[in-house]
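Novice: Below you'll find the structure I mean.
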Amino acid sequence: MILYFRNPTYSGRVELPDNLKPMFRPIAMMIPHYSLIGEVILFSVGFTSAKVLATKIVYLYNLSNSQLSQQDHYDFGMRAIKAVLLTAGELKRSHIKDPELTDEQSEENIMLQALTESNLPKLLKDDATLFLGILRDLFPQSDKSLHEHITIEQAIQRAIRDLNYEYWPAQADKALQQNN
């Protein structure tokens, strides 16, 4: 038995040659329940508020897909969601020895850090601003972390100008990513 999976919306796909098409029978698949998958992954990596966080992440990615500009390198599907969830799991494991990181608020901060680390480097500047706005709306209690991110970005801009260098946004973005 040979299975051939084809996703017509995937940008890197290659069309099956015409002489092979009759050898395969088409089947239909349903769209997976992203929040349930996310909830299970989050529970498996140790999050206690997995249901709420998974719902917020799926909603964030749906909003990002519809509101941000359409770029070839943007991926707001299951692959990207799973990468963020696994990053959040790694962050949670690295903070497990810290006693103050056990409540729901700290889990939101960990998730916020995973979302910004995974998504901001690939977003264009205008889209990054929109993305941060969506994050603020979905994670209002964790606004302090986003404020720290913006404050660090402003400090980088000041430092570049104080050193009499020409400010170059891409360079500042890379410095900010190195900070994360």
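Novice: So, of the residues in segment 35-74 that are charged (D, E, K, R) and within 19 Å of Q141 (Cβ to Cβ), which turns out to be surrounded by the most Cβ atoms within 10 Å (Cβ to Cβ)?
Specialist: Looking at residues that are charged (D, E, K, R) and within 19 Å of Q141 (Cβ to Cβ), I get K56.
Novice: I want to confirm something. Restricting to segment 111-123 and keeping residues that are in a helix (DSSP H, G or I) and in contact with a Phe, Trp or Tyr (Cβ under 8 Å, 6 or more places away or on another chain), which single residue is nearest to L135 (Cα to Cα)?
Specialist: Kept after step one, since they are in a helix (DSSP H, G or I), are these residues of segment 111-123: 111-122.
Cutting the leftovers down to in contact with a Phe, Trp or Tyr (Cβ under 8 Å, 6 or more places away or on another chain) gives us 111-112, 119-120, 122.
Details: M111: 11, L112: 8, N119: 11, L120: 11, K122: 16 Å.
Out of the qualifying residues, it is L112.
Novice: Might you let me know whether segment 4-22 holds any residue that is modelled with pLDDT of 85 or more and outside any loop (DSSP other than H, G, I, E, B)?
Specialist: Checked segment 4-22: at least one residue is modelled with pLDDT of 85 or more and outside any loop (DSSP other than H, G, I, E, B).
Novice: If the requirement is being assigned to a helix (DSSP H, G or I), modelled with pLDDT under 80, surrounded by fewer than 16 Cβ atoms within 10 Å (Cβ to Cβ) and not β-branched (V, I, T), which of these qualifies: D143, D98?
Specialist: When all the criteria are applied, what remains is D143.
Novice: Further question on the same structure: Against the condition closer than 18 Å to A114 by Cβ, touching a residue at least 40 places away in the same chain (Cβ under 8 Å) and outside any loop (DSSP other than H, G, I, E, B), how does S64 come out, does it pass?
Specialist: yes
The values are calculated or read from the model by the stated rules, or taken from the named source; none is laboratory data. Since this is a predicted model, take the numbers as computed values, not measurements. As a convention, Cβ positions derive from the backbone with ideal geometry for all residues, glycine included, and neighbour counts pool all protein chains shown.
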